[in-house]
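Quick notes on the structure that follows.
The values are calculated or read from the model by the stated rules, or taken from the named source; none is laboratory data. Treat the numbers as computed from the prediction; the structure is a model and nothing was measured. Positions of Cβ are backbone-derived with ideal geometry, glycine not excepted, and every protein chain shown enters the neighbour counts. Areas reflect the complete protein model, heavy atoms only, side chains present, ligands, DNA and RNA absent. Shrake-Rupley method; radii C 1.70, N 1.55, O 1.52, S 1.80 Å.
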Amino acid sequence: MTTKPLRLGVNVDHVATIRNARGGPRPDPVRAALLAIEAGADGITAHLREDRRHITDADMARLKAAISKPLNFEMAATGQMLDIALATAPHAVCLVPEKRTERTTEGGLDVIGGHDYLAPYVDQLTRGGVRVSLFIEPSPESIDAAVSIKAPVVELHTGAWCHAVEVGDLALADREFARVQEAAAYAGGRGLEVHAGHGLDYDTARRVSALPQIVELNIGHFLVGEAVFVGLAEAIRRMRQAMEEGRAAAG
Ligand code: PXP
């Protein structure tokens with residue numbers, strides 16, 4: 001069996017976070033997106049949060065106009081975001097949960113309790129020509145709910161696994177990785193396109209790349225952090241290398 005190619009979506013939110021710390025125009029997330037593509041990114045991901053803490057409406061419009069690769073627009077399922085997404089016409093939308101007090105997207109969408117609420121968003125975006133993914137916990141129940149909401153794609157939340165690795169809790173990390181692995185196989189079996197993201201670094205990206213159902217990783221914070229030390233282009237090249245090494249192990 002030939003393994004499907006694995007795409008890298010580079011999330012430029014935290015370039016905007018640094019820019020906004022000073023309130024001026026630099027560093028520009030659009031410049032980072034263009035550089036990321038030159039260095040091997042297959043797409044650009046940006047999250048327009050309701051509080052606009054990093055990416056702004058203008059950034060999203062500029063990204064769409066400037067980049068030659070697919071734009072993945074992350075957003076909460078709200079009426080305002082739906083209007084902006086339909087007007088922006090990105091390649092893809094990833095629906096994520098959002099709480100104003102969280103530092104980052106802390107858990108997956110409540111696709112079970114939120115089924116009736118989310119389904120019309122998926123429907124309208126799909127009819128608008130946008131490929132919709134749901135950012136979910138790696139569990140069979142969430143995957144079944146995503147299928148019933150008629151989302152074609154799920155992005156498995158790797159945050160719990162990556163956090164366990166980071167704090168050195170190896171037993172928990174093994175259990176969390178097993179959840180991601182089982183969820184990827186289950187989602188693939190249910191006919192969904194499978195993505196993964198959150199908290200990935202070179203090592204965890206290498207490991208998750210070995211799961212053959214996963215065809216896209218979305219990575220931001222680690223790459224922007226590494227860019228401080230080795231530059232963004234080099235960080236992306238190293239990430240691609242790690243992904244290819246992992247993929248080779250997928251058989
Ligand atoms: N995928 C989704 C759906 C996210 O919300 C985020 C964080 O914005 C990422 C991927 C990227 O996570 P990180 O910045 O930790 O690499």
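Table for the structure above
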read-out: Relative counts (whole %) of C-alpha pair distances in the range 119-223, using bins that are 10 Å wide; value: 16, 47, 28, 8, 1
read-out: Principal axis dimensions, largest first and in whole angstrom, of the range 20-99 by Cα; value: 34, 30, 20
read-out: Percent of C-alpha pairs per 5 Å bin, the chain, short to long; value: 1, 6, 14, 18, 21, 18, 13, 6, 2, 0, 0
read-out: Largest to smallest accessible area among Arg31, Arg53 [probe 1.4 Å]; value: Arg31, Arg53
read-out: Nonlocal amide H pairs with Thr45, under 5 Å, H built at 1.01 Å; value: Val10, Asn11, Val12, Asn72
read-out: Ordering of 19-28, 114-123 by packing [mean C-beta count within 10 Å, highest first]; value: 114-123, 19-28
read-out: Hull volume in cubic angstrom per residue (convex hull over the Cα atoms of the range 60-173); value: 127 Å³
read-out: Kyte-Doolittle mean at least -1.0, axial Cα span of 27 Å or more - DSSP H helices of the chain; value: 170-189
read-out: Top positive-direction residue, dipole computed over the range 67-196 with Cβ charges, set Met81, Gly168, Val147; value: Met81
read-out: Solvent-accessible area of Glu166 with every protein chain in place, 1.4 Å probe, in Å² to the nearest 10; value: 140 Å²
read-out: For Cys94, residues with placed amide H under 5 Å, excluding near neighbours; value: Phe73, Glu74, Met75, Ser133
read-out: Radius ratio Rg over Rh of the range 107-177, counting only Cα atoms, Kirkwood formula for Rh; value: 1.10
